[in-house]
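Report on the following structure.
The values are calculated or read from the model by the stated rules, or taken from the named source; none is laboratory data. From a predicted model like this one, the values you see are computed outputs, not experimental measurements. Quick reminder, even Gly has a Cβ in these numbers, built from the backbone with ideal geometry, and neighbours come from all protein chains shown. Calculation scope for accessible area: heavy atoms of the full protein, side chains included, ligands and nucleic acids excluded. Shrake-Rupley method; radii C 1.70, N 1.55, O 1.52, S 1.80 Å.
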Amino acid sequence: MLIKRRQFLASCGLATLATQISPLTAKGELVNTIRKPSHLQVGDTVGFISPASIVDAKDIEAAQQSFSQLGLKVKLGKHILDRYGYLAGKDADRAEDVNLMFSDRTIKAIIPMRGGWGCNRILPLLNYSLIRSHPKIIIGYSDITTLLLAINARSQMITFHGPVATSTWNQFTVDYFKRILFNGEAVTMQNLNPSEVRVETIAPGKARGKLVGGNLSVLSAMVGSPYLPSWNKSILFVEEVGEDVYRVDRMLTQLKTAGILNQISGFIFGQCTNCKLGDEPSFTLIQVLQQHILPLGIPAWYGSMIGHIKDKFTLPIGLEVEINAELGTIRMLEAAVSLV
């Protein structure tokens, strides 16, 4: 009955929302193939941008030092220090920096300075045909989720959920960043010390599918827009910060009623940093996850190194992976970057 129910939901209108507005080329042709950006090499130039909240000059200086240690040069976006209310510049200017970085042939990767809020406002102003014509690494998390999902959906390009420029570039984070984006390895991601960051299996098993996800509140705020990829048989990962459990429940309920959860083949909740029970009485986070995910009959776990934490995986959005919910592993089935 469970399989028949999921097949029915997958065939209804809600389940196909994300595929109703398909990405097109500049000539109006349907885009069917995913594009991979070129890998990074020592000596390459990366572009810093501020597509969301305000950054300070001191943050840029610290980030430049981190990337210098990676052997990379830095070019700053034209509007990186702009201020417009709580945003890092006007919508048109922040969008211009994204478009310019993709069109600039000297830039190999685009690194947002930080998240916050604002990326959703610039989605209609991005040139998705231009971006597809100039595939490049773009990486980030939190509010940057918006850009990663929209570019993956509309430009059919692999994007990366991982550190922003102002993140802590420690050994764990740098190791995954280099192996995936420099070396082009097909990596198996697993928590470094399971005794400190324990995997809590919600439902055991293995599953394969395209990896899709990001910050839960940002993702849920995009539901109903034409900027989300197909969820059909995908592996959904989410993370959150500073939310009471009932709010996480509300956002997962939104994904459920929108027909998204019924389409996925696997589920990963990374870290819920500083998330609290809220007013008593309350469910625990694990109880809420069990309530939403167990009825789906798919492999799932909580506790992966994804989110507002110092140690971060670099996750390729749109790439085929295999997960093991008992071990808490994410195995890439191919390289996420082009080595040509």
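Figures for the structure shown
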| read-out | value |
| --- | --- |
| Max mean-square fluctuation residue, GNM over the chain, Cα-Cα springs under 10 Å, options G318, G224, G47 | G224 |
| In range of the label at E334: residues from region 32-49 whose backbone nitrogen is under 11 Å from the point 7 Å along Cα→Cβ | 33-36 |
| The chain - percent relative contact order, Cα under 8 Å, separation 6 or more | 21 |
| Whole-number percent relative contact order across region 51-94, with pairs defined as alpha carbons under 8 Å at least 6 apart | 47 |
| Computed [θ] at 222 nm, deg cm²/dmol, the chain (DSSP H ≥ 4; -39,500 (n - 2.57); rounded to nearest 500) | -8500 deg cm²/dmol |
| Inter-part distance where region 112-127 and region 81-105 are each reduced to a Cα centre, Å | 8 |
| Out-of-range pairs (alpha-carbon distance over 22 Å; input K58/K310; K78/K178; K136/K178; K210/K310) | K78/K178; K210/K310 |
| Partner aspartates and glutamates for K75 [C-alpha distance under 17 Å; skip if fewer than 8 residues away on the same chain] | D44, D56, D59, E61, D93, E96, D97, D104 |
| Protein accessible area in region 100-154, 1.4 Å probe - carbon and sulfur % | 50 |
| Whole-Hz ³J(HN,Hα) from phi, Karplus 6.51 cos²θ - 1.76 cosθ + 1.60, for region 234-239, glycine and proline x | 8, 9, 8, 10, 9, 8 |
| Protein-only accessible surface order, largest first, of T273, T257, T173, T201 at 1.4 Å | T257, T201, T273, T173 |
| Distance (nanometres) between label positions extended 7 Å along Cα→Cβ at K178 and N193 | 2.1 |
| Accessible solvent surface per residue of the chain, calculated while the other protein chains remain in place, 1.4 angstrom probe, Å² | 42 |
| Accessible area (Å², 1.4 Å probe, nearest 10) - E61 | 110 |
| S68, S38, ranked by accessible area, largest first (probe 1.4 Å) | S68, S38 |
| Probe 1.4 Å, all protein chains present, accessible-area order of V288, V174, V42, largest first | V42, V174, V288 |
| Cβ-Cβ FRET estimate between D56 and Q171, R0 fixed at 25 Å, reported to 0.05 | 0.45 |
| Apportionment of accessible area to carbon and sulfur, region 231-316, percent (1.4 Å) | 51 |
| Estimated FRET transfer efficiency (L76, Q290; beta-carbon r; R0 56 Å; 0.05) | 0.75 |
| Approximate spin-label separation E185-D279, in nm, with each point projected 7 Å along Cα-to-Cβ | 5.0 |
| Local electrostatic count, R331, Cβ distance below 11 Å [Lys/Arg +1, Asp/Glu -1] | -1 |
| In Hz, Karplus ³J(HN,Hα) per residue of region 172-188 (6.51, -1.76, 1.60; θ = phi - 60°; x = Gly, Pro) | 4, 5, 5, 4, 5, 4, 6, 4, 8, 9, 8, 7, x, 7, 8, 8, 9 |
| Full-stretch length increase - T257, D91 - with 0.36 nm per residue and alpha-carbon distance subtracted | 56.7 nm |
| Charge-dipole axis of region 97-221 as Lys and Arg at +1 and Asp and Glu at -1 on Cβ define it, positive-most pick from M101, N193, F177 | M101 |
| 5 angstrom amide H check on E326, placed H, neighbours 5+ away | G205 |
